[in-house]
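Novice: Have a look at the structure that comes next, please.
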Amino acid sequence: MGNKEKSFDDLVSILLIALITILCVIFILYAFEFNGGISNSQTTWGEFGDFFGGIAGSLISLFAVILLFVTYRLQKEELAKTSKALDNQNEQLNVHHFRDTVFKLLDRKDDVIDKLHYDKQSKLEGIAKLNGQLRTVLKRKEELSILAHNNWWEKNRKYMITYFTTVVSALEFMRTYNLDNIIKDRIIGLYFATFDRREIELLENVFKGHSESSLYDEDRKFFEKYKGIFL
């Protein structure tokens, strides 16, 4: 039995003893004041009943109100504790869901890289070669760089589309998920800490190539915000 339940039981016992004691005192005072043995008069019994019942009923009602108030306070406290416990449980479930989803997205991205094979280069070496070509494209004159980037993108679409969209979908999920910022930042940090520098440079350049479009603007800002974690 908890402390609250024990305190409530003790209070009920005290109030019950106090009620019985007060009623006994009233009965004794009545008998002493009106001096008399057991009456044979129905009227006398009626007067006694009215007197005793009026006082006893008022006292019992008072004690009932006190108990009702105490019960309400206890229930209110228990409800608050239950609500807090449920909130904490929901928050933990929310954290687990966010973490598990982020790690699944990371596994998907790694799987894409494992399958990537570009110009006789595989995995991260292929990423580096794609980035080298894109870096050269973006060094051209400003008015030609966007067009050159688009041409590069179309040429290498089959290599880039799955990788880039996988990363962007992860950025979108992490950016919009409602979670405490401290916990969220830690999990996001774990995600980004697994990136290779060659991946980061490629993503930077792809976002630069899309700078004229607002399609990936929010994801680019999110990417820039957390870039310091892995550079």
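Novice: Take each of the peptides 172-181, 215-224, average the number of other beta-carbon atoms within 10 Å over its residues, and list them starting from the highest.
Specialist: 215-224, 172-181
Novice: Which order do the peptides 202-213, 185-196 take when ranked by the mean count of other beta-carbon atoms within 10 Å per residue, highest first?
Specialist: 202-213, 185-196
Novice: Could you state the number of Å between the C-alpha centres of region 153-231 and region 71-137?
Specialist: Rounded to whole Å, the Cα centres lie 13 Å apart.
Novice: Given the peptides 104-115, 73-84, 119-130, arrange them by the average over their residues of other C-beta atoms within 10 Å, most packed first.
Specialist: Descending packing order for the listed peptides: 119-130, 104-115, 73-84.
Rule-based calculations on the coordinates, nothing more; no lab input. Values in this document were obtained by computation on a predicted structure and should not be read as measured data. Backbone-built Cβ (ideal geometry, glycine too); neighbour counts: all protein chains shown.
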